[in-house]
Amino acid sequence: MRKYRIFLDSNVILSGLTSDLGAPRLILDVLSLGLPAIQGVTGRFNLTEIERNIARKIPAALTIFNDCLPKLDLEIVPVPFPEEMKPYAGIVDDKDHPVLASAMMGRADFFVTGDKKLLSQITAQSTFSFRALPPTDFLDRVLPDILSGVKPPKGNDR
């Protein structure tokens with residue numbers, strides 16, 4: 001069985017950790033099962049952003065974050081170098097360059113984000129090897145195919 005690489009943007013991880021309900025939480029729950037068909041991936045840049053947000057907004061949750069993170073068994077992509085982010089100039093906002101570079105470096109098949117602006121910027125391009133979609137669409141449209149052994153569409157195919 002092929003293992004699909006699911007890149008999680010910071011907002012998906014943070015939302016999943018701070019809510020008992022919703023698609024981001026379900027995605028984290030599924031990843032924590034260690035299923036052979038999926039591998040969660042995120043960037044060190046994303047994790048640093050999450051830690052900074054937790055420390056600023058809900059510092060008591062930092063311990064929970066540190067306890068939960070290993071259970072997700074995420075592959076963590078190192079922070080990209082400036083030259084690795086250059087191809088994304090003009091495609092997405094500057095703040096998202098390291099996120100896209102991390103997803104590409106992590107060989108993501110799917111990029112899951114709750115950031116509607118980033119999602120629309122990515123889907124407007126045909127240059128990415130991954131399919132970008134919101135958490136609910138990943139759960140409803142992609143995960144069932146992966147788990148049933150059906151090859152889900154890649155790229156911007158719907």
Which Cα, out of Ile146, Phe45, Leu72, lies furthest along the positive dipole direction of the chain (beta carbon charges, K/R +1, D/E -1)?
-> Ile146
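What ranking, highest mean first, results for peptides 59-71, 133-145, 108-120, 29-41 when packing means the other Cβ atoms within 10 Å averaged over each residue? Show your work: numbers first, answer last.
Working: 59-71: 12.4, 133-145: 17.8, 108-120: 20.1, 29-41: 16.3.
Top to bottom by mean Cβ count within 10 Å: 108-120, 133-145, 29-41, 59-71.
Could you work out the helix-only [θ] at 222 nm for the chain, with each DSSP H run of four or more residues adding -39,500 (n - 2.57) and the total divided by the number of residues, to the nearest 500 deg cm²/dmol? Kindly include the intermediate steps, with their values, before the conclusion.
Numbers: 8 runs with 70 residues, N = 158.
My calculation for the chain gives -12500 deg cm²/dmol from helical runs alone.
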If amide H atoms are modeled at 1.01 Å from N in the peptide plane, then the residues at a separation of 5 or more from Gly40, or on another chain, having amide H under 5 Å from its own are Ile6, Glu75
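Starting from 0.36 nm per residue, how many nanometres of slack lie between Arg56 and Val150 once their C-alpha separation is accounted for? Could the numbers behind the result be given before it?
Numbers: separation 94, 0.36 × 94 = 33.84 nm, distance 4.22 nm.
Full extension of this stretch gives 29.6 nm more.
Using 1/(1 + (r/R0)^6) with R0 = 35 angstrom and r between the beta carbons of Arg107 and Ser19, what's the FRET efficiency to the nearest 0.05?
Details: r = 29 Å, r/R0 = 0.82.
In this case the efficiency is close to 0.75.
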Kirkwood Rh in Å, taken over the stretch 89-158 so that all alpha-carbon pairs contribute = 12.5 Å
Reduced to Cα centres, the span from the stretch 74-93 to the stretch 117-134 in Å works out to 14 Å
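Name the helices (complete DSSP H segments) of the chain with a Cα length along the long axis of 15 Å or more and a Kyte-Doolittle mean of at least -0.5, or state none. Intermediate results must be reported in sequence, preceding the final value.
Numbers: long enough: 44-57 (20 Å, -1.05); 62-72 (16 Å, 0.73).
Flagged H segments are 62-72.
Could you compute the FRET efficiency for Asp140 and Glu83, with r as their C-beta to C-beta distance and R0 at 41 Å, rounded to 0.05?
Details: r = 38 Å, r/R0 = 0.91.
Here the calculated transfer efficiency is 0.65.
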To the nearest 20 debye, what is the magnitude of the charge dipole of the chain about its Cα centre, counting +1 on the Cβ of each Lys and Arg and -1 on the Cβ of each Asp and Glu?
-> 200 debye
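Throughout, read-outs are computed from the coordinates displayed, never taken from laboratory work. Small disclaimer: the values here were computed from a predicted structure and weren't measured. Note that we place each Cβ from the backbone using ideal geometry, even for glycine, and neighbour counts take in every protein chain shown.
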